[in-house]
Each structure stands twice: as C-alpha cells, then as structure tokens.
Amino acid sequence: MKKLERSLSLWPIIAIGIGGMLGSGIFVLPGLAAAKTGPSVWLAYLLAGLCVLPAALSKSELATAMPTSGGTYVYIERALGPLFGTIAGIGLWLSLLLKSSFALVGFGAYLAVLASVPLRPVALIVLLLILILNIVGVKKVGSVQLVVVIISLLGLGTLLVFGLPEVDPLNLQPFLTQGKLGLGTATAFVFVSYAGVTKVAAIAGEIKNPDKNLPRAMFTALFLITFIYASVTFVLVGNIPTEELRTNIKPIHTLAELLGGPIAGYAAAVLGIVTLISMANSGVLAASRFPFAMSRDNLLPSFLKKLHSKYLTPVSTIVLTCAVMALVISFFEVEKIAKLASAFMVMLFIAVNICVIVLRETAVQWYQPAYKSPFYPWMQIFGILSGVLLLVLLGGFAVFAALVIASVGSLVYLIYGRRHSNHSGVLKIYGRQVASFLLIKKKKEGATHEALTKYSTPSYLNDSNLDGALTEQAGSVVPLFGEERSPEMLVEMGAALAGGRTIQVVHLKEIPDITDLDAFLVDDPMITSLNRRISAMSRERAVEVDFESAVTHDLVGTVYKISQQTNCTWLVAGWDGKSGQGLFVPNPIGWLVAHLDSNFALFKDNGVRYIRKILVTLPPDRNNNYLITACDRIALFYKAEISLIRIVKEDTSDDKIELVHTESTQLLSNTESKTEVIIIKGNSPVQVIAQVSASYDLLIIGAPIQGVNRFSVMRGMDKDKFAESAACSVLRLSIK
C-alpha cells in the first residue's frame, strides 16, 4: 500500500499551525468576546493560550511516539481504545470541518467591504479551489500556507506598530465589565481560536524529522499566535470603545480604517479574506486526515484510505470533507454549530492529557516518545482541570452538542467499527489487569485460576507469534524486554534460583494491538546475538537454557501465561529498583506479584559482574526459612558467602540483641554456604544498608506478599528504597 510522503519541513509546519489558528479567532471573534468581558479581552486570549499549553505539550510527546497522520484521533485510539478513537476521529473531523466552513462564510463580512457579490456561490468556488490544492499535494499546501501566513503576520504587525501609540487609556476602563465570571466566559469563548494546534499533529505522517520538528513547530506556532491574539486585541480595545465592538464581526477592518483611512481599510479587508481562506485551507488539510486514519484502522470503510496514484494524498477523504463543507455552506448557519463543535475539541484536549498519563503509567513497552512533556504529571492535571472549567463556562448547550457528537461516534463504532476492528486500547488491556489486581482476591491453592485467566490471559500467545515451543517444566522463567543492562547476568540469576532445572528465557516485544503480530516474526540480528550470548553463558555455567522470542500486544498478560505454561518455580525479571512513582501504576510488577503462582525475583543490575559476597536483609522480627534457602542456593551457584544483617533500633537492649543473634544463627544453621550474622544499631535502615552494601556484590531483599496491602504493592513498597540506595546489585525475592 502506498504511504504518505514526508515532505514538510519546519517552517511550512509552523505556517500550517499558525494558519490553522490565525483566522476567525482574530478577524471575527474579538468584538464578540469583548462584549463578554470588556477591555480585558486581551487577557482572555492570554489565559486561553495558557490553558492550551498542556495539550500542546502532551500532543508533542504523543506525536513523537506516534508520528503518523491522524493526530489526536490516533493518540486517543491507541491509549483509550477504538470506541473512544471513533468518537474522537468523527468529532475532530466535524469540528474542523464546521470551523473551516464558518471561515469561508465568515470572510463574506470582509468581502462585502470590496464588492457586493453573492456570498455562498463565491464560498463554494473558493472551496473548489481548496479541494484541488489539497489533492495536488500537501507540499504545495505548505508552501501556499507559508506565503499567506507571512502576509497576514506583516499586516497584523503593521496594525500593532501604528495602533499601539494611539491607545487611549480611557478605552481600557473599566478593565472587567462583567467581573471575573465574564473574563472566564470570554476565555472559554475564545478558546476555540487555538483549536488549530491539532492540525500540526494531524499531519505527522507527512513531516520530515518529526521527533524534532513537531515539538518545535507546535510551540513556535502557539507562542506566536498567543502573542498576536493578546497584542492585537489590546490595540483593538485601546483604540475602539467596547460598545462599538459588541456586534462587530470585521474588527480588523474597523481598526485599519480608523488608523489609516479607507485605503488601509480595503487592505485589511483583503488581508481578512486571504487569511480566512487560508484557515479553511489548513482545516481541510487536517480534517481529511481523520477519516483517512480511521479507515486505515478499520473503523471506517476501506475506500477512505486510498491515496491518489500520482500525488499520494488521501483523495477520498479530501473529497468527502469538501463535499460535507459544501452542504454546510449551502444550507446551514454554521457559526453557532462551529462554536459548539469546538466544545468537543476542549473535551478532546482533556482526553489528550489523559492519554499521556495512561501511556506513561502503564509503562507500555512500545511507547517511547523522543520528546517528553516537562512537569509531568502536574501539567496534564492542570490541562484536565482547566478543560473541565472551560466546558462549564461554555454552557450546557455546548456540552450537550458535544455529547451528541459522542453519541454519533459511538453509533458508528457499534454499526461498523466493532465488526471490523479487532484490537483494544492500552487502557483496556492494562485496565483490566489493574481491576483484577484490586478486585479479585486470589486464594493460596489457585482456586481463582479461571477468574485470573478471564481477566489477564491473552489468547494470542501461540505458535503464530512464538518462534519456538516453551519448555513444560522450568525451574525459572526469565522474560527479556530489551532494556536489560546485562541479559546474561539476569539469566544467571534465574539459573541460580532454578536449582539445576531448565531456565526458560523469552525475549518479548510489545507492539500496538493494531499491528499484525505476524509482521514482526522475522529474523532480528539483535535477537540472534542475544541467543548466542546466552548460549555461551549456559555452556560456561553448565546450565540448561531454552531461548525463545515472541511478539505480543499484552506484555503483562503474556508473561503471566508463559509462567503458567512452563509451570515455573521462579519468574526472574529485570528491575530499575524504583519505589512507587507517578500517579497510578508505575509498572506492571505489582499485578504480576499478586497473581503469579510462582515465586517472583526482581534483579536490579548495578554492573557487578562477579558475586562473591552476598548481603541478606530481614527485619529482626521476621525469620523466613524459604528466603534463606533461596539465598543459600544463589550462594552455592556463585560460590559466595552470605551475611545476614539485622538492623535494630538504637535503644535496643543487649539481651534483645543477643536473642536476635541466636535466632539469626539458628535461621542459617541448615545452609551449605559460608554464613555470618551482622547486627547493627540504627534508626534508619535505609541509610545503614546504603553504607554496608558498599562492601558486598549482591543485596537480597525479602519481600513476602502475604499480608501486604494491594495498594502498597501497586504504588511500590518501602523495601524498594533499599534498592534505590544500595551500592551493589539488588535481588528482591517474593516467596509464595
């Protein structure tokens, strides 16, 4: 299948972004917004730009992880699932389509300054030209957009230069004519002016070097347009009394005529016409990519994803978009509809911020953005809360209209998408694991295995996506995810715990569930090299290792099923040692620890290659024979010595210390390796371990699951702090 051509460089992208916002937001809306808040309208534009910032940051991150056409639709579909993706795609398509139609109809107010012409026929002729331009090629659209944006910016800049000295302070009083509520209402009203931020991300599949150009273009466009909106509206209300602006839908013409006379007014009318047409042009460019991306994901009929044989543009969706726009221009008053549809865009901006949180917190393997939003997650939380406030300020009817669009999207998914799309979003895959972790209580004898399988076992772990057969009886299973510091060392740990039984090593690659698993079943030089290195280690250590590789849509569910198929005693995984971080689930370890029938080992590799001295830490009141047996097995494998450290409080009596020493010696009495007991006084066990671990090669932490609060496992337990501060490698053992 033909692919979209990556032909857009940085400045045309910025031009498309600015062109998507520089239109009715400044040429039509300022007067109407001033009626709601007075001379403070410039502050409303500034606040609206601030509210858009979190979504811009989130979209930049998402776009560098998924640089493909479709923008917001793609992000929501991948993170939240095809149902929400369908709603988002149709909602974005309609909102951009209606806003672009409004731009074509709105330029009539400026056209009327120059000549008396039939408005709708002229708008339809301009729409036909836009249709042809978009089919001929996006590169030509970008070039035209760049010229238009430069002309518009020069024109608005000229008004600033001549208008700023003429500002009358009397026109700026009172600053808030409707109070703080009026300012908030105006902010929500002009928020639609920034909706064009979406358009840059929507054409990510046609951008050169998207990792760098997307964030740069988005921030540059947002900064410039915010400055333009705030400064031009300040000059506008500083020169024209608010009462004269209340119903003025061609305020730029009025300002230009006031400052420079009729000729300047005519020039501003031409500028308004060109800019509004430019806005409609970029709107068609972005809107047409949403049904294209949805068709590619089997949520809409396949004919919509066809590209023009010569120009490689999605001609079907461009024609469909322009056809619907023609109907809107011909038969509907679209100003109010476009504004209400933009309320749905506010909801989508909220969803975009939620997507970043979902993808980061689930730690899904394939999500690797080249750019990451700063101030996470507080920036996203601000975006969500401010978006909710804006929706409230837009009014109940606007929210109702957005819900209608959501209902239409749901209906389309139920009628077509559900039957043709067979994938799920990250939230559904990982959300059911979180739900089962919190809601299903597992019994010791595995009585809930059927329930666990219902919630967690992927149906696609079979011969079609596994390059070989798994061993049926494994001492240890070692999943490799591709980010391990030393895979050989991790497998060695698995061998040490396996007690002479086979070690099953499986290299897992997680891919979005819209991608066919068979497409990744090819020879990978990296996997071939990994197999060779692990085979060399198995010969040197004289252990039996079975190496396989698999691709999956559900990393955690696949690890769970592998452990079930192999009947393993231990599951050994790499670990970064971090305690709970983020807002929700920092990684899937908590779910696995609670549900696996096998013992669980997490290995934090700090680069120690030779293990000769092992430090084992247990609280003074906890004696775990199973843990000591596992430690002894590791020590024998490496021919190492064990030091059991017991940390007591500073005020502990000598008799109590003697008792702890006696119990500890008894605990080590059945070990075959060389052992010793160390008792240290200290009120900060973490600091003591950090200092003592510098003299050891491996720190083993006991972390039995029985009695542990499920929420504490999800968030990360206190014992993880030992791993963060330890100077040696760390092994955390969870004994069932």
- Query: Quick one: which helices (runs of 4 or more DSSP H) sit completely within the range 4-71 and have at least 1 residues that are of a type in the set (Phe, Trp, Tyr) and at pLDDT 90 or above?
  - Reply: 41-65
- Of these, Ile337, Ile357, which one is surrounded by fewer than 22 Cβ atoms within 10 Å (Cβ to Cβ), among the β-branched types (Val, Ile, Thr) and modelled with pLDDT under 85? Ile337
- Message: Condition first: β-branched (Val, Ile, Thr) and not in a helix (DSSP H, G or I). Now tell me which residues in the range 648-672 satisfy that.
- Response: Val648, Thr652, Thr671
- Item | All positions within the range 564-577 that are more than 17 Å from Pro487 (Cα to Cα) and either within 25 Å of the chain's Cα centre (by Cα) or surrounded by fewer than 24 Cβ atoms within 10 Å (Cβ to Cβ) (or both) | Gln564, Gln565, Thr566, Asn567, Thr569
- Note on the structure: Within the range 650-701, residues being among the polar types (S, T, N, Q), under 19 Å from Phe722 (Cα atoms) and free of Cβ contacts under 8 Å to residues at least 60 places away in the same chain number 4
- What pairs can you find where one residue is in the range 490-504 and over 16 Å from Asn531 (Cα atoms), the other is aromatic (Phe, Trp, Tyr) and surrounded by fewer than 23 Cβ atoms within 10 Å (Cβ to Cβ), and their Cβ atoms are less than 7 Å apart, with a gap of 6+ or different chains? Ala496/Phe637; Ala496/Tyr638
- Does Glu166 satisfy the condition of being at pLDDT 80 or above, among the charged types (D, E, K, R) and in contact with a helix residue (DSSP H, G or I) (Cβ under 6 Å, 6 or more places away or on another chain)? yes
- Item | Single residue of the range 595-647 satisfying the filter (assigned to a loop (DSSP other than H, G, I, E, B), closer than 30 Å to Gln564 by Cα and among the hydrophobic types (A, V, I, L, M, F, W, C)) that is modelled with the lowest pLDDT | Leu596
- Task: State whether one or more residues within the range 314-327 are buried (at least 24 other Cβ atoms within 10 Å of the Cβ) and part of a loop (DSSP other than H, G, I, E, B).
- Result: yes
- Task: Can you work out which of the residues in the range 208-242 that are polar (S, T, N, Q), within 19 Å of Ile18 (Cβ to Cβ) and within 25 Å of the chain's Cα centre (by Cα) is modelled with the lowest pLDDT?
- Result: Asn213
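A quick yes/no check of all residues on (1) without any contact (Cβ under 8 Å) to a residue 24 or more places away in the chain; (2) surrounded by fewer than 23 Cβ atoms within 10 Å (Cβ to Cβ); (3) more than 28 Å from the chain's Cα centre (by Cα); (4) more than 22 Å from Val105 (Cβ to Cβ):
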position: Gly265; (1), (2), (3), (4): no, yes, yes, no
position: Ile273; (1), (2), (3), (4): no, yes, yes, no
position: Ala280; (1), (2), (3), (4): no, no, yes, no
position: Gly283; (1), (2), (3), (4): no, no, no, no
position: Ser288; (1), (2), (3), (4): no, no, no, no
position: Met294; (1), (2), (3), (4): no, no, no, yes
- Note on the structure: Those residues of the range 451-480 which are at pLDDT 80 or above, buried (at least 17 other Cβ atoms within 10 Å of the Cβ) and of a type outside the set (Ser, Thr, Tyr) amount to Ala474, Gly475, Val477, Val478, Pro479, Leu480
- Message: Quick test for you: out of Leu439, Leu411, pick the one residue that is modelled with pLDDT of 85 or more and out of contact with any Gly (no Cβ under 7 Å at 6 or more places or on another chain).
- Response: Leu411
- Message: Out of the residues in the range 62-112 meeting the condition of being in contact with a strand residue (DSSP E or B) (Cβ under 8 Å, 6 or more places away or on another chain) and either surrounded by 24 or more Cβ atoms within 10 Å (Cβ to Cβ) or not assigned by TED's automatic domain parsing to the domain that holds Asn248 (or both), tell me which one is farthest from Val192 (Cα to Cα).
- Response: Ser69
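The values are calculated or read from the model by the stated rules, or taken from the named source; none is laboratory data. Everything numeric in this text was worked out from a predicted model, so none of it was measured. In this analysis, Cβ positions are derived from the backbone assuming ideal geometry, glycine residues included, and neighbour counts consider all displayed protein chains.
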